[in-house]
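These notes are about the structure you will find just below.
No lab work stands behind these numbers, since they all come straight from the coordinates. Note that the structure is predicted; figures quoted are calculated from it, not measured. No Cβ is skipped: glycine too gets one built from the backbone with ideal geometry, and neighbour counts run over all protein chains shown.
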Amino acid sequence: TYHLLLFFEKLKHTYETFEMFNRTYSSIQNILLGGDRLIGCPYHNDGIVLGSKGQLSYCAPKSKEIGNALEGSSQNIYKEQFAEKERILRENCSSCIHDYHAPITPREIAIEKNKELYAKYLNIEYAQKIVSIARWIKKIPKVASKTRIFIVGWYGTETVGDKAILGGIVDHYKNLYSNAEFVIGSIYPFITERTCMELAIDAKVVSTKTFDLLAYAKSSDIIVMGGGPLMDINELFVPLLGFKVAKAYKKKTVVFGCGIGPLKSERFETAVKDILKLSDQIKLRDKQSIETAKAYGIEKEIEFFGDPAKKYLTKINATLEVEKENILSCYLREWTFEYFNGTKDEFIVAKHKLEEGLAALIKEQADELGVERIELHHMHNFVIGNDDRDFSRYFIQKYFKDDKRIYFNKRLSTVANIAESMKRSRLNICMRFHSVLFAHTLETNFIAIDYTLGGKILNYLTDNESLTHLMKVEDILNKNIQPHDM
């Protein structure tokens, strides 16, 4: 089921351009998640099935035969058997997953109107008015003896690293509060529900694209911005509005294990400053982010906490029993424009050179080590945020088409299976930020490709005195592909 949910979301974002078909895919997803069919059906008003021998039925998948056109008037048969049509509507229509497309229904119109309403108010431009809106939102009842902790962030688009962050934050608050009740705000709740299942986290998952964000912000004891970067993305409204409402209702606010940047837009930088000012407690993941926060005029105490994923990974590492194999493993991602300083035309040229350099680096290291396999693993499996499997398919086809050593891991990625793959490998070539953190924390042999051009990867390796593992993009572009001091 989860694979299908991912597949239909990818269709909607990368392939299908016809809105009617996208509504059908959303309806199928809703049924897969346990809900009802959202779309209409042409058989409701405009269709009938005629078989090769004259058989008539109201719809192809669910209707019994209602008569035969060779034996009587089709029109009379259609009109006289409505009890069967009513039975289908009563017993089958709400759960029918067949992809019959139809014009938009009143129910779908209502859903779209709600989305428009949420989008109007849930954005950073509405921060000054959000408390007034929140007053009209009902509080969510809670057990007085429990401490409700509302964790928000980029959940719903989480990478394997974000999963480990969530695990680390939940463990932290479990140790502080034996009576903790967890609620997790998610952009795509079905993704985060899967994460909770993988990590055995008992939590309620709610959508941060609805007014549930405001309801739980005013109804929880603590609201936590749970890790990841505070950077140039529209979803900064999640912690900003959540913190605004929480402070109005005298709730505790925490920035937990976040980094700051990249920030190129003034509106997003202002939002990050406001989030930090609204925070009762600030725990940042790297020292450079602390300096940035101080430069923003934040005078309250800021704790250098590190990344919460690190503590979670350390905990599970003791449970992993893995034998070393003669393989080289890669954890790559597509290089995207927000991490480049220059024009888009310059970026296209640099991106192509980087890919060529990466391929050369991988082949050189594989030859030097004499490995039997080159394995490509994936820190992210969702279309939002760029599914790393898509990049791997492209990368293999372009640079490793005839290399018999190449192995593409098709499995969905978890914290445990990524950690196991790293411990099994003789060398890990890491590009995703958390792949660097994983490889370092697990004490493996690794090369860190700093696609952030002096951002979070450099900051992490600097804070952990591990710069010997760093490889700069400029070195790859200039064909100087030996890691520094390794």
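The slack in the chain from SER95 to THR17, taken as 0.36 nm per residue of separation less the alpha-carbon distance, amounts to 25.5 nm. Shown here is the pair-distance distribution of the chain: with all Cα-Cα distances grouped in 20 Å bins from zero up to the longest one, the shares run 21, 48, 25, 7, 0 percent. Principal-axis analysis of the Cα atoms of the chain puts helix 19-32 at an angle of about 80° to the longest axis.
Rounded, prolate or oblate: which fits the stretch 154-221, taking a ≥ b ≥ c as square roots of the Cα gyration tensor eigenvalues, rounded meaning a/c under 1.5, else prolate when a/b beats b/c? Mind showing how you got there, number by number?
Values: a/c = 1.96, a/b = 1.05, b/c = 1.88.
Oblate.
Listed values for the stretch 141-151 are Karplus-derived 3J(HN,Hα) couplings in whole Hz (6.51 cos²θ - 1.76 cosθ + 1.60, θ = phi - 60°), namely x, 9, 6, 4, 7, 9, 9, 8, 10, 9, 9, and x replaces Gly and Pro. With neighbour counts taken as other beta-carbon atoms within 10 Å, the residues TRP136, TRP154, TRP335 rank, fewest first, as TRP136, TRP335, TRP154. For the stretch 1-115, the alpha-carbon radius of gyration amounts to 1.24 times the rule-of-thumb value 2.2 N^0.38 Å expected for a compact globular protein. Averaging the Cα positions of each part gives two centres, and for the stretch 1-25 and the stretch 209-272 these lie 29 Å apart. Going by neighbour counts of Cβ atoms within 10 Å, the residues GLU91, GLU65, GLU181 line up, fewest first, as GLU91, GLU65, GLU181. To the nearest ten degrees, helix 266-277 and the longest principal axis of the Cα atoms of the chain are 80 degrees apart. For the listed peptides 218-224, 75-81, 239-245, a ranking on the average number of other beta carbons within 10 Å per residue, highest first, reads 239-245, 218-224, 75-81. Model label points for HIS3 and GLU372, set 7 angstrom from Cα along the Cα-to-Cβ axis, are 2.6 nm apart. The separation of the stretch 439-474 from the stretch 319-334, counted between C-alpha centres, amounts to 17 Å. Highest-first packing order for the peptide set 426-435, 458-467 is 426-435, 458-467, based on the mean count of other beta carbon atoms within 10 Å. By the compact-protein rule of thumb, 2.2 N^0.38 Å, the alpha-carbon radius of gyration of the stretch 133-314 corresponds to a ratio of 0.95. Highest mean first, the peptides 116-125, 228-237 sorted by other C-beta atoms within 10 Å per residue fall in the order 228-237, 116-125. Over the stretch 133-314, Cα pairs under 8 Å with separation of 6+ residues give a relative contact order of 24 percent.
Of ILE396, ILE130, how do they rank once you tally other Cβ atoms within 10 Å and put the fewest first? Provide the component values of the computation, followed by the final result.
Values: ILE396 17, ILE130 22.
Ranked by crowding around the Cβ, least crowded first: ILE396, ILE130.
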